[in-house]
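A.B. asks: The structure is given below, and queries will be raised subsequently.
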Amino acid sequence: METTERKETLTVLRRLISYGEKIFCLSTTLVAPLGDRRLDPRRSTPAVVKAALVMFWTRLPSLNALAQISAPRFWKQWLHEPLASADTLGRVHAALYADQLRKSIFLVYQQLKRNKALPDHHGMGLAVLDGHESHASYRRHCDGCLQRTIHSEHGDRVQHYHRQVTLMLLPAAPPGRPALRLLLDQEPQRPGENEVQTALRLLERVLTRYPRAFDLVLADALYAVAPFFNFLLDHGKHALVVLKQERRDLYLDAMALFAQQTPLLGGYRDRQCEWWDVSDLCSWPQVQTPVRVIRSRETYSVRRQLDGQPELLNSDWIWVTTAPAAQLRTERAVRFGHQRWDIENYAFNELANEWHSDHVFRHDPNAIE
Ligand SMILES: [Zn+2]
């Protein structure tokens, strides 16, 4: 790193740290309680976690790159001990108690909530969850890896990979400020289980710690299954999930009812929309309550690449939800339905493109978690 660039980085870093100390009591409240499974540690857990924080905040691609920040005075002030080697940093993360980190995330949430940085959407709290594959490898594997066989012209090969289900809170925007998006928790998918099972384990834990953080959970079409809907209903929450033709009875019944309904005209962003909305559908008896299906046919204009002329395109969205119309009007349901993409754009894509999480920093199930 060039000297001026390094100086600027350190200046921004110091400001970020002092903000974290002031608002969140970063060192004393969030990091100091953290521990790990080592019996005879030479480097303290907080110092290791604080080094990793610097790695992420300065957007470095690896633990090794961290050692190249040559700033002895900074490290001494920040860690109160020498910077651990890349190998030690990796080993300690493999031994960290993940649930203590989760507790610290909860404290961040609590403080943001107190500071009114996480308002709900007119009485409704929103969250989205989705599964995501963090990395895949033919060579390295660990006992947390999932496996699949990849068929190719050169024969079959076993590929190892990790998948997690992640939950993101989607608060409304505070007055005059952009909305924050907060990753609350994630749960590794275990060998032999499907993504919804992983998601239910995640939700069970999240709802114990955050019983009132959200009322409605957004998810993709994979989650249009009765166990997911019933689990949320049992916990006093609602689901809003993409509906595809695979859920045949409900889909066909909803389409038949839409055909008899005059659509409501509305707008989403710069799109003109036709909305259909039918409640009390009993064609999905496995779900404890009748469900509601909403369709949004959206027309928007794009410039054709070929000749630059405007062209009108359509997209058609269908969602199934348990949220009643009195609590969630059509217009807001459509807006929320589209927000399901926030976890792709602001979590998975951003983590990979901006925070180097397209690879693992240490291949170990606990370090990944
Ligand atoms: Zn692995």
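A.B. asks: List, please: which pairs have Cβ atoms under 6 Å, are six or more places apart or on different chains, and start with a residue in the stretch 295-308 that is more than 27 Å from Val334 (Cα to Cα) and end with one that is of a type in the set (A, V, I, L, M, F, W, C) and open to solvent by 50 Å² or more (accessible area, probe 1.4 Å)?
C.D. replies: Pairs that qualify, where the first residue is more than 27 Å from Val334 (Cα to Cα) and the partner is of a type in the set (A, V, I, L, M, F, W, C) and open to solvent by 50 Å² or more (accessible area, probe 1.4 Å): there are none.
A.B. asks: I would also like to ask the following. What is the one condition in (1) of a type outside the set (Asp, Glu); (2) away from the ligand (no atom under 16 Å from the Cβ); (3) open to solvent by 40 Å² or more (accessible area, probe 1.4 Å) that Arg102 does not satisfy?
C.D. replies: That leaves (3) as the condition not met.
A.B. asks: Which residues, taken from the stretch 325-339, are out of contact with any Phe, Trp or Tyr (no Cβ under 9 Å at 6 or more places or on another chain) and open to solvent by less than 60 Å² (accessible area, probe 1.4 Å)?
C.D. replies: Passing the criteria: Ala325, Arg332, Gln339.
A.B. asks: I need a count of the residues in the stretch 248-307 that are open to solvent by 90 Å² or more (accessible area, probe 1.4 Å) and part of a loop (DSSP other than H, G, I, E, B).
C.D. replies: Summing the residues that are open to solvent by 90 Å² or more (accessible area, probe 1.4 Å) and part of a loop (DSSP other than H, G, I, E, B) in the stretch 248-307 gives 11.
A.B. asks: Within the stretch 65-86, does at least one residue satisfy the condition of being modelled with pLDDT of 95 or more, surrounded by 12 or more Cβ atoms within 10 Å (Cβ to Cβ) and in contact with a strand residue (DSSP E or B) (Cβ under 7 Å, 6 or more places away or on another chain)?
C.D. replies: no
A.B. asks: Of all helices (runs of 4 or more DSSP H) completely enclosed by the stretch 35-112, which ones contain at least 3 residues that are more than 30 Å from Tyr210 (Cα to Cα)? Let's see the steps before the verdict.
C.D. replies: Working: elements: 45-57, 63-66, 72-79, 86-95.
It comes to 63-66, 72-79, 86-95.
A.B. asks: Moving to a separate point now. For residues in the stretch 317-369 being of a type in the set (A, V, I, L, M, F, W, C) and within 16 Å of the ligand (Cβ to nearest atom), which is nearest to Gly236 (Cα to Cα)?
C.D. replies: Restricting to residues being of a type in the set (A, V, I, L, M, F, W, C) and within 16 Å of the ligand (Cβ to nearest atom), the top hit is Ile368.
A.B. asks: So, in the stretch 229-243, how many residues would count as being outside any helix (DSSP H, G or I) and in contact (Cβ under 8 Å) with a residue 24 or more places away in the chain?
C.D. replies: The total comes to 8.
A.B. asks: Related question: With the structure loaded, tell me whether Thr28 is under 28 Å from the mean Cα position of the chain (by Cα) and either among the acidic types (Asp, Glu) or modelled with pLDDT of 95 or more (or both) or whether it fails that test. It would help to see each step written out before you state the result.
C.D. replies: On the way: under 28 Å from the mean Cα position of the chain (by Cα): yes; either among the acidic types (Asp, Glu) or modelled with pLDDT of 95 or more (or both): yes.
Considered against the rule, which asks whether it is under 28 Å from the mean Cα position of the chain (by Cα) and either among the acidic types (Asp, Glu) or modelled with pLDDT of 95 or more (or both), Thr28 comes out as yes.
A.B. asks: Still on this structure: Which one of Ser301, Ser283 is in contact with a helix residue (DSSP H, G or I) (Cβ under 7 Å, 6 or more places away or on another chain) and either of a type in the set (Ser, Thr, Tyr) or at positive phi (or both)?
C.D. replies: Among Ser301, Ser283, only Ser283 is in contact with a helix residue (DSSP H, G or I) (Cβ under 7 Å, 6 or more places away or on another chain) and either of a type in the set (Ser, Thr, Tyr) or at positive phi (or both).
A.B. asks: Name the residues in the stretch 119-139 that are more than 16 Å from the ligand (Cβ to nearest atom), assigned to a loop (DSSP other than H, G, I, E, B) and either open to solvent by 10 Å² or more (accessible area, probe 1.4 Å) or free of Cβ contacts under 8 Å to residues at least 60 places away in the same chain (or both), would you?
C.D. replies: Pro119, Asp120, His122, Gly123, listed by residue number.
The values are calculated or read from the model by the stated rules, or taken from the named source; none is laboratory data. This structure is a prediction, so every number in the text was calculated from the model and none was measured. We place every Cβ from the backbone using ideal geometry, glycine too, and count neighbours over all the protein chains shown. The protein model used for the area step is the full one, side chains on, heavy atoms only, and it has no ligands, DNA or RNA in it. Shrake-Rupley method; radii C 1.70, N 1.55, O 1.52, S 1.80 Å.
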